[in-house]
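**Student:** Sharing a structure with you now.
The values are calculated or read from the model by the stated rules, or taken from the named source; none is laboratory data. Every value quoted in this text rests on a predicted model; they were computed, and no experiment measured them. Cβ placement follows ideal geometry from the backbone for every residue including glycine, while neighbour counts extend to all protein chains displayed. Ligands, DNA and RNA are stripped out before the accessible areas are found, and what is left, the full protein with its side chains, is counted by its heavy atoms. Shrake-Rupley method; radii C 1.70, N 1.55, O 1.52, S 1.80 Å.
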Amino acid sequence: MTMTPSLLGLSKPEVKDQLAKHGVAEKQLNMRCSQIWHWLYARGISEFDEMSNVSLAIREMLTENFSIKRPEIVTEQISVDGTRKWLLALEPQSPREKAPEVECVYIPESDRGTLCISSQVGCTLNCSFCHTGTQRLVRNLTAGELVGQIMLARDRVGDWPGAEAQNTTGLPDSDRKITNIVLMGMGEPLYNFENVRDAMKLALEDDGLAFSRRRITLSTSGLVPEIKRCGDEIGVMLAISLHAVRDELRDELVPINKKYPLKQLLAACRDYPGLSNARRITFEYVMLKGVNDSLSDARELVRLLAGIPAKINLIPFNPWPGSPYECSDWGQIEAFADIVNRAGYASPVRTPRGRDIMAACGQLKSLSQKLRAKDALLDEAVKAAAEDAAAAETSVVEP
Ligand code: SAH
Ligand code: SF4
């Protein structure tokens, strides 16, 4: 089995290189590359034949040698509130490899739409509360698969010029249906640095996917050296999976803390370029009953973050079979949030969501396996969890 190389995920110089290799004349390279670019990323075509201003010979050459296929949809679930969840099969990288699967979730709100994408199949880290952490790393996603998730989601919600969604449930009123991207699906994005960087560059290109830098958020468990690189080389918004305010506990919950303890992590956050009140770091804090949810933890959290332009995102723990934790009680979450609010981190009152809070982005795939087994629809909780991951302020979801 030979695999057709994907054109998706290549930079402009790489596209030109490929064109030259396949006989496109030197003096045509710039023009052909911009045409192809426009069709791929501004128009979202999925067949080379639709590139009407590209010569037939070049279209034939492209069709023969390259693919612009998105990841394949294994299942698509659309909630009554418009949340969409796709289980996607990636192309096997060798004939022996079974098609690896990842998930991607779209959460529409009235004024925006947030897409949560995966960066790895599995994860090398073992955060004790995260289901992905129990799955071994299968492989990194390629830059093409990373942008492929965005393009596939745009296909499905009709988010290309002139396109229409087959199902319009819950779509935002905004012109663009997908306005925000969060790297909060499976995997640790900063352990797949180059591909994530290249894909995010493509997502940011003005003449391409054209997302705003302020509307892309990368979530990391805290890889200190790569946080700096992320600031220097990608420049998107940062979310930190903090989850504990003392090293002893964080060593247990987020074991990468043993390598990069809180002091180093917070120093890297302080140094993150371009921070201001309008560009804050999001600190994610999963609420684990009796583990990290005491009021003294809340006060310590506020103290630790002093001086860093920050948002705090309290995430109700999302249990999975065999998980060693429980979600904090609602009253405790509220009391915790109160302390955080009083320190000046806004906490909009959210409409209560479903009781079952099954789907933090970090464990999308386990949820999907369950859903597949039960053949159930997404519930409100999926939206709550994913929205939380994307939310701009402190947010708590009523259990
Ligand atoms: N690996 C990256 C991004 C993916 S996880 C990271 O760790 O930041 C996205 C978010 O979901 C992280 O904040 C993660 O800690 C959180 N998460 C993982 N499992 C969870 C669970 N069971 N309940 C609630 N949040 C969870
Ligand atoms: Fe990996 Fe993030 Fe889960 Fe930790 S929380 S195991 S880094 S996906």
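**Student:** Would you kindly identify the helices (runs of 4 or more DSSP H) lying entirely within the stretch 1-92 that contain at least 1 residues that are in contact (Cβ under 8 Å) with a residue 12 or more places away in the chain and under 18 Å from ASP207 (Cβ atoms)?
**Tutor:** 12-21, 29-37
**Student:** May I pose another question? Taking the stretch 124-176, which residues are touching a Cys at 6+ places or on another chain (Cβ under 8 Å) and modelled with pLDDT of 95 or more?
**Tutor:** GLN149, LEU152, ALA153
**Student:** Sticking with this one: Being within 16 Å of ligand 1 (Cβ to nearest atom) and touching a residue at least 12 places away in the same chain (Cβ under 8 Å): is that true of LEU171 here?
**Tutor:** Taking the combined requirement at face value, the residue does not satisfy it.
**Student:** Also, quick follow-up: Is it the case, given these coordinates, that LEU40 is in the same structural domain as ARG214 (by TED's automatic domain parsing), closer than 27 Å to ARG213 by Cβ, under 23 Å from the mean Cα position of the chain (by Cα) and buried (at least 20 other Cβ atoms within 10 Å of the Cβ)?
**Tutor:** For LEU40, the condition - in the same structural domain as ARG214 (by TED's automatic domain parsing), closer than 27 Å to ARG213 by Cβ, under 23 Å from the mean Cα position of the chain (by Cα) and buried (at least 20 other Cβ atoms within 10 Å of the Cβ) - is not met.
**Student:** I'd like to check something: does the stretch 279-296 contain any residue that is within 30 Å of LYS177 (Cα to Cα), among the charged types (D, E, K, R) and within 13 Å of ligand 1 (Cβ to nearest atom)?
**Tutor:** Checking the stretch 279-296: at least one residue is within 30 Å of LYS177 (Cα to Cα), among the charged types (D, E, K, R) and within 13 Å of ligand 1 (Cβ to nearest atom).
**Student:** For the stretch 158-268, give me every one of the strands (runs of 3 or more DSSP E) that falls completely inside it and has 1 or more residues that are within 16 Å of ligand 2 (Cβ to nearest atom) and touching an Asp or Glu at 6+ places or on another chain (Cβ under 6 Å).
**Tutor:** 237-241
**Student:** Please enumerate the residues belonging to the stretch 228-285 that are open to solvent by 10 Å² or more (accessible area, probe 1.4 Å), touching a helix residue (DSSP H, G or I) at 6+ places or on another chain (Cβ under 7 Å) and free of Cβ contacts under 8 Å to residues at least 24 places away in the same chain.
**Tutor:** ASP247, ASP251, LYS258, PRO261
**Student:** Consider LEU87 carefully, then state whether it is among the aliphatic types (A, V, I, L, M), within 16 Å of ligand 2 (Cβ to nearest atom) and closer than 21 Å to TRP320 by Cα.
**Tutor:** No, not satisfied.
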